[in-house]
Amino acid sequence: MFKFLSGGRQNHSMTLSPDDSDSDPLPMTQADTNAFYDAIAGDYTYFYRDWQATLEREGGALRRIFREKGGAGGIKTVLDASCGVGTQAIPLARFDFEVTAADPSPKMLAKARENAAAFGVLDDITFLTADFLSLPTKLVSGFDAVITKGNALPHLISDAEILAALRGFYSLLRPGGIVLIGMRDFDILLEDRPRFIPRHVHDEAAREVILFDLWDWRDTDPITVTFNTFIVSGKGDQWSVTRHPVLYRALRRAELEALLAEAGFADIQTQTQTWELVITGRKPE
């Protein structure tokens, strides 16, 4: 069921069945990420030390930012442009925001629906198969906020792609609406270019799950880094390992801020939230 906005406002989502947008072609950069995210969708909550605690933290942090930056009209309608398994969309829906959740990975989106059902908010979220660059063709404007967290935007490698995505976000916002982007602090990472990155160890009755990364840096223009995530699982003497590579641009804060300004955003501000830089901008009234 797709949620329609209250107060006589038009639903932001076009009429879609859950699967009928899957056949649309996706830009190459985004299509390249689908193999990674489809492969890890079932294990994605292991990427967090405590996923349910993360839901609470993310929801609370976003609600505080929305209260601070919502202005006179406030923020009620939110587009999560890279929803993954629902880490932001689910807590926002539980806080009664009207949420549209988009992702290009069919399996991540299916997992997000499953998680939303488990938390009782499946009917409160409009789910949409789309990448950053196709969003403006599948939605109508008028959102109070557009968010993308979890380091998703740096999957776009070129300035042209990032600028196109930001202009798309801009077009989907109402005047005075805000964009919120969460990404890794690549400025700090570029100083040392770390290779081995430990993630988490999860002890379960049937198995243990161990996650770590090996990062491969490349001095391309712009600089890129491949995150090779290893998932080791097993018990006793029986273990298996899988490797899941995915490419990022080492996007610097100043580069993103400049591109946000070029896209038309004002009042650009940056803060740190757990491991992310959280960068916000406002569409002028």
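The values are calculated or read from the model by the stated rules, or taken from the named source; none is laboratory data. Since we're looking at a predicted model, the values are computed, not measured. Cβ placement follows ideal geometry from the backbone for every residue including glycine, while neighbour counts extend to all protein chains displayed. These accessible areas exclude ligands, DNA and RNA; they are computed on the full protein's heavy atoms, side chains included. Shrake-Rupley method; radii C 1.70, N 1.55, O 1.52, S 1.80 Å.
Restricting attention to region 36-90, report how many residues are in a loop (DSSP other than H, G, I, E, B), over 29 Å from LYS283 (Cβ atoms) and more than 15 Å from the chain's Cα centre (by Cα).
2
Quick check: anything in region 210-225 out of contact with any Leu (no Cβ under 9 Å at 6 or more places or on another chain) and within 19 Å of VAL85 (Cα to Cα)?
yes
If I ask for residues that are open to solvent by 90 Å² or more (accessible area, probe 1.4 Å), modelled with pLDDT of 95 or more and part of a loop (DSSP other than H, G, I, E, B), which ones from region 191-220 would you list?
If the condition is that a residue be open to solvent by 90 Å² or more (accessible area, probe 1.4 Å), modelled with pLDDT of 95 or more and part of a loop (DSSP other than H, G, I, E, B), then ARG195, ASP219 are the ones that fit.
Just to check your reading of the model, which residue among THR242, THR280, THR226, THR274 is open to solvent by 30 Å² or more (accessible area, probe 1.4 Å) and either within 28 Å of LEU62 (Cβ to Cβ) or free of Cβ contacts under 8 Å to residues at least 24 places away in the same chain (or both)?
None of the other options fit; the residue is THR274.
Mind telling me which of the residues ILE188, ILE268 ends up being loosely packed, with under 15 Cβ neighbours inside 10 Å, free of Cβ contacts under 8 Å to residues at least 60 places away in the same chain and among the aliphatic types (A, V, I, L, M)?
Of ILE188, ILE268, the one residue that is loosely packed, with under 15 Cβ neighbours inside 10 Å, free of Cβ contacts under 8 Å to residues at least 60 places away in the same chain and among the aliphatic types (A, V, I, L, M) is ILE188.
Among the residues of region 156-170, write down those that are open to solvent by less than 10 Å² (accessible area, probe 1.4 Å) and either in a helix (DSSP H, G or I) or closer than 22 Å to GLY73 by Cα (or both).
Of everything in region 156-170, those that are open to solvent by less than 10 Å² (accessible area, probe 1.4 Å) and either in a helix (DSSP H, G or I) or closer than 22 Å to GLY73 by Cα (or both) turn out to be ILE162, ALA165, LEU166, GLY168, PHE169.
Could you check region 66-90 and list, in sequence order, the residues that are open to solvent by 10 Å² or more (accessible area, probe 1.4 Å), among the hydrophobic types (A, V, I, L, M, F, W, C) and either in contact with a His (Cβ under 9 Å, 6 or more places away or on another chain) or at pLDDT 95 or above (or both)?
Answer for region 66-90, where residues must be open to solvent by 10 Å² or more (accessible area, probe 1.4 Å), among the hydrophobic types (A, V, I, L, M, F, W, C) and either in contact with a His (Cβ under 9 Å, 6 or more places away or on another chain) or at pLDDT 95 or above (or both): just ILE75.
Which residues, counting only those in region 166-185, are under 17 Å from the mean Cα position of the chain (by Cα) and free of Cβ contacts under 8 Å to residues at least 40 places away in the same chain?
The one that is under 17 Å from the mean Cα position of the chain (by Cα) and free of Cβ contacts under 8 Å to residues at least 40 places away in the same chain: GLY168.
Could you please find all residues in region 91-118 being polar (S, T, N, Q) and either open to solvent by 50 Å² or more (accessible area, probe 1.4 Å) or not in a helix (DSSP H, G or I) (or both)? If you could, list the steps in order and put the result at the bottom.
As a first pass, look at region 91-118 and keep what is polar (S, T, N, Q): 100, 105, 115.
Across region 91-118, the qualifying residues are THR100, SER105.
Does any residue of region 54-67 turn out to be of a type in the set (A, V, I, L, M, F, W, C), in contact with a strand residue (DSSP E or B) (Cβ under 9 Å, 6 or more places away or on another chain) and closer than 24 Å to HIS244 by Cα?
Within region 54-67 (the criterion being of a type in the set (A, V, I, L, M, F, W, C), in contact with a strand residue (DSSP E or B) (Cβ under 9 Å, 6 or more places away or on another chain) and closer than 24 Å to HIS244 by Cα), the answer is no, since none of the residues qualifies.
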